[in-house]
Amino acid sequence: MSLVLYIVGALVCLAAGAGAGGFIVSRKQQKTKKAAALEAQTTLERARQEADAILSNARAAANENALKLREQTEQALAAHQTESAERERRLGEREVLLNAQLARVMDAENSLRRQQEYLDQRQASTEKAQQELTELTRQRREQMQKLTGISAAEARETFLKEIRQEAANEASDLTRKILEDARIHADEKAQNVIANAVHRYAGEHTSETTTATIALQGDEIKGRIIGREGRNIRAFENATGVTVLIDDTPGTVLLSAFDPVRREIAHEAMTRLIQDGRIHPTRIEEVVAKVAGEMDERIMRLGEEAVAKAGLPPMHPEIVKLLGRLHFRRSYSQNILSHSVEVAHLMGLMAAEMGLDVSTAKRAGLLHDIGKAVNHEIEGPHAVVGAEIIRRYGESDAVVNGVASHHNDVPPLGPLGVLVSAADAISASRPGARSETVMTYIKRVEDLERIGMSFPGVEKCFAMQAGRELRVLVTPSAVSDDQAYGLARSMARKIEEKLQYPGQIRITIVRETRCVEYAK
């Protein structure tokens, strides 16, 4: 019974505990639900607030983007409107221009039409006048034949003579115009070809500038020089490169050669052989070799002395050697080496006055004629040849151009070429610088006057200024003013062909008409 009560009591306690536990659990569940509902409500409120903020930001961004888009659209619209206005303006201007061009084209077309009509009228008038002229010419020819008794062939000859005279006058006018245009617009002077040829190769004065003479004491020494069957002369000519002439002048040996150095070596060797008396091929070779060696030393010494006289530092040995060779060359009796030293000093003075480099100017002046020291068989003017030589041995471009351009063979690239040309002319034209024999001078003047007198219509000729000018007096009735220009040109061409002369010759045609009348 007690066990039953115990069990019942236990069950009652268990039921009460279960009820209390359920109540507690229920209360906890309620609290949990309330907390969850509160949290959910809070989360929802927070989400709602965040959504409102996002929505507000989105609306603000949308409004801002809308404003920007509106501004961009308005700007694009304004630019488009401006471009459209500009395009319309250009189209309007183009339309105005096209209308103006069209008007001009129409005016030109009307003008061409009027000109065509005028030309058609002129052509018709010209054809009519030509026909009338032909008829008048025919009538005039018939009248002339009746009045003068001249045949058609004679009249044609007279007419052709008139035509030839008119053509000659027109040719003279054209020649004069061409010459005047050339004087105005020409940039370069004609090169002095004959002067270069005189320096590089002998002409009519060959016998004066290419020979050396040695006096002989009797015919015995002449026989020794000739040798058995002429072997001594042949040996001497082979060793020296000169030509030996014995029988041309009594008591004299003539040595002829274009190269002045060879001629000097031959002269000294022949003098020593004559003094020694032993003349045979072996001795000739020994003496010539010894004299040639001494000549090389003398040439170097002369070149070094020239450089020292010019006040310049030492130069390349080959240049010094060529300068020394200039001592044996002359231009119308003027020693070229002395002339070069003189030009160097003049260049230094002028360069100092102009503020240029004195040393460079002196080098150009000293080396300006170095091209004359080489063999005459080398092609080209001596200025260009000399410039090429000094360029090979390291001279500056300014000095090279000054040497090359002092005769206008090449255009000057600086002031040195002009200064060298001026100094060269000053040195060559000073009193006593150059001279020539009286016979050569007289012959050149006579030939100049003879060429002038060979032209028809020439009354008198006078060679003036030592043969540098030819003054020609013509008959006024035979030579007109227009023909005088052609006569001067023809005379200059003939002088260039027939004569050899230094520098240039001026031809002056004088035509004078004097009309004299007396009042009574």
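All of the numbers you see were taken from the coordinates with simple rules; none came from a lab. Keep in mind that this is a model prediction, so the values were computed, not measured. Ideal geometry is used to build each Cβ from the backbone, glycine not excepted, and the neighbour counts take in all protein chains shown.
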Anisotropy class of segment 245-319 from Cα gyration tensor, a/c 1.5 cut: prolate
Calculated from backbone phi, Karplus (6.51, -1.76, 1.60) coupling profile of segment 103-112 in Hz, x at Gly/Pro: 5, 5, 4, 5, 5, 4, 5, 5, 5, 4
Long-range HN-HN contacts of Gln334 with modeled amide H, under 5 Å: Ser435
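Assign unit charges at the C-beta atoms only (+1 for Lys and Arg, -1 for Asp and Glu), then state the dipole size of segment 275-361 relative to its Cα centre in Debye, rounded to the nearest 20. Intermediate values should be presented prior to the final figure.
Values: 10 positive and 12 negative charges, 61 e Å.
That gives segment 275-361 a dipole magnitude of about 300 debye.
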Range of Cα positions in segment 438-511 per principal axis (Å), largest first: 38, 18, 18
Cα-only Debye scattering, segment 196-429: base-10 log of I(q)/I(0) at q = 0.14, 0.17 Å⁻¹: -0.87, -1.11
Sequence-distant lysines (8 or more away, or on other chains) whose Cα lies within less than 21 Å of Lys290: Lys321
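Quick one, can you get me the convex hull of the C-alpha atoms of segment 249-379 expressed as volume per residue in Å³?
Values: hull volume 18.4 nm³, N = 131.
Residue-normalised Cα hull volume stands at 140 Å³.
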Reach of Lys498 by Cα under 25 Å, taken over lysines that are not fewer than 8 positions away in the same chain: Lys189, Lys372, Lys443, Lys460
HN-Hα J in Hz across segment 285-295 - Karplus 6.51, -1.76, 1.60, θ = phi - 60°, x for Gly and Pro: 5, 4, 5, 5, 5, 5, 5, 5, x, 5, 5
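Determine the dipole magnitude for segment 196-429: charges of +1 sit on the beta-carbon of Lys and Arg, -1 on that of Asp and Glu, nothing else is charged, the reference point is the Cα centre, and the result goes in debye to the nearest 20.
On the way: 24 positive and 31 negative charges, 88 e Å.
So the dipole magnitude of segment 196-429 works out to roughly 420 debye.
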Approximate spin-label separation Ser490-Glu39, in nm, with each point projected 7 Å along Cα-to-Cβ: 13.7 nm
Point-to-point label distance, Gln121-Leu102, nm (Cα→Cβ direction, 7 Å offset): 3.1 nm
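Using Cβ contacts closer than 10 Å as the measure, can you line up Cys461, Cys515 from fewest to most?
Details: Cys461 20, Cys515 4.
Least crowded to most crowded, the residues run Cys515, Cys461.
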In sequence order, calculated HN-Hα J values of segment 83-100 (Karplus, 6.51, -1.76, 1.60; Hz; x Gly/Pro): 4, 4, 5, 4, 5, 5, 5, 4, 4, x, 4, 4, 5, 4, 5, 4, 5, 5
Between segment 295-367 and segment 481-511, the alpha-carbon center distance in angstrom: 37 Å
Sorted peptide list for 316-325, 264-273, 87-96, criterion being average Cβ within 10 angstrom, highest first: 264-273, 316-325, 87-96
